[in-house]
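S.K.: My questions will all concern the structure given below.
The values are calculated or read from the model by the stated rules, or taken from the named source; none is laboratory data. Since the model is a prediction, treat every value here as computed from it, not as a measurement. Every residue, glycine among them, receives a Cβ derived from its backbone with ideal geometry; neighbour counts consider all protein chains shown.
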């Protein structure tokens, strides 16, 4: 029960931060939002780092953290651009395909094996994404293209993170990516900079702390339960995004968004469950 509540909190924090981004994005450029999000995300870890004299930042894989930070910063900025262009629920539903792209990347770059059932689930998930975008039946927004670019970059970040978990602790991985993103996003924000007022700064701080808290609670949840058991909670992201979009921005997702999101969640949940089963079989082979 504890892991379920932690995952629910993580999902709520992630999606709630997107609502703040959508609100402040009307006056602050997404590049600048990404910069402040990185600053305040690192601030989330800072008290603990100070208390431990920055011991968690010690790593033998700095070069991997460095490369990963560019993927993560790219995924962050393109996502913030996307949700400034398309309804929040539509973007969230399409973003649920992220595990599908991560799986494809793991097969291509990490040499992981994928059998027929896994490829079938991937195909079903992609059909769900096409149901949301519906190319040929409606004009495809540039926002959807930024969502897809964000998913690809974020999937690359997850692949690097998966490699880092073999040698580094979750707090090390989270703190380094937040810290290294600060100069990267500042270089982008410099050319579009405008000073936020106190209200906007408070909203940007909320984004950063919510993202930092979401990563922390998600890690705690995964430490207590299998990924396959927690994957269905991602569908709650769509419900929360739809509620925020409706009550705050007067956006109402259509039936295709809900149908596509449900298909995507079903396919990603199946993949996660199959990976858990195969992992257990590898650890405890039948006699």
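S.K.: Being assigned to a helix (DSSP H, G or I) and surrounded by fewer than 17 Cβ atoms within 10 Å (Cβ to Cβ) is the filter; apply it to the stretch 131-162 and report the residue that is modelled with the highest pLDDT. Steps first, answer last, please.
M.R.: At the first step, the residues of the stretch 131-162 found to be assigned to a helix (DSSP H, G or I) are 131-133, 142-162.
Among the residues that remain, those that are also surrounded by fewer than 17 Cβ atoms within 10 Å (Cβ to Cβ) are: 142, 145, 162.
On the way: 142: 78, 145: 87, 162: 73.
Only one residue tops the list, namely 145.
S.K.: Any residue in the stretch 95-102 that is surrounded by fewer than 19 Cβ atoms within 10 Å (Cβ to Cβ) and either in contact with a helix residue (DSSP H, G or I) (Cβ under 8 Å, 6 or more places away or on another chain) or part of a loop (DSSP other than H, G, I, E, B) (or both)? Write out each step before concluding.
M.R.: Of the residues in the stretch 95-102, the ones surrounded by fewer than 19 Cβ atoms within 10 Å (Cβ to Cβ) are none.
No; the residues of the stretch 95-102 include none that is surrounded by fewer than 19 Cβ atoms within 10 Å (Cβ to Cβ) and either in contact with a helix residue (DSSP H, G or I) (Cβ under 8 Å, 6 or more places away or on another chain) or part of a loop (DSSP other than H, G, I, E, B) (or both).
S.K.: Could you list, in sequence order, all residues of the stretch 23-36 that are surrounded by fewer than 22 Cβ atoms within 10 Å (Cβ to Cβ) and part of a helix (DSSP H, G or I)? So that I can check it myself, show each step before the final result.
M.R.: Residues of the stretch 23-36 surrounded by fewer than 22 Cβ atoms within 10 Å (Cβ to Cβ): 23, 25-27, 29, 31.
Passing the criteria: 23, 31.
S.K.: To continue, here is another question. May I ask you to verify whether residue 232 is modelled with pLDDT of 70 or more and surrounded by 14 or more Cβ atoms within 10 Å (Cβ to Cβ)?
M.R.: For residue 232, the condition - modelled with pLDDT of 70 or more and surrounded by 14 or more Cβ atoms within 10 Å (Cβ to Cβ) - is not met.
S.K.: Six or more apart or on different chains, Cβ atoms under 6 Å: show the pairs whose first residue is in the stretch 54-70 and without any contact (Cβ under 8 Å) to a residue 24 or more places away in the chain and at positive phi and whose second is part of a loop (DSSP other than H, G, I, E, B) and surrounded by 15 or more Cβ atoms within 10 Å (Cβ to Cβ).
M.R.: So the pair list comes out empty.
S.K.: Ok, one more. Quick one: which of 201, 188 is within 18 Å of residue 17 (Cα to Cα), over 18 Å from the mean Cα position of the chain (by Cα) and either in a helix (DSSP H, G or I) or touching a residue at least 40 places away in the same chain (Cβ under 8 Å) (or both)? Let's see the steps before the verdict.
M.R.: Values: 188 fails: within 18 Å of residue 17 (Cα to Cα).
Answer to the selection: 201.
Conditions tested, residue by residue: (1) surrounded by fewer than 23 Cβ atoms within 10 Å (Cβ to Cβ); (2) at pLDDT 70 or above; (3) outside any loop (DSSP other than H, G, I, E, B).
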| position | (1), (2), (3) |
| --- | --- |
| 71 | yes, yes, yes |
| 74 | yes, yes, yes |
| 77 | no, yes, yes |
| 80 | no, yes, yes |
| 85 | yes, yes, no |
| 92 | no, yes, yes |
| 106 | yes, no, yes |
| 114 | yes, no, no |
| 119 | yes, yes, yes |
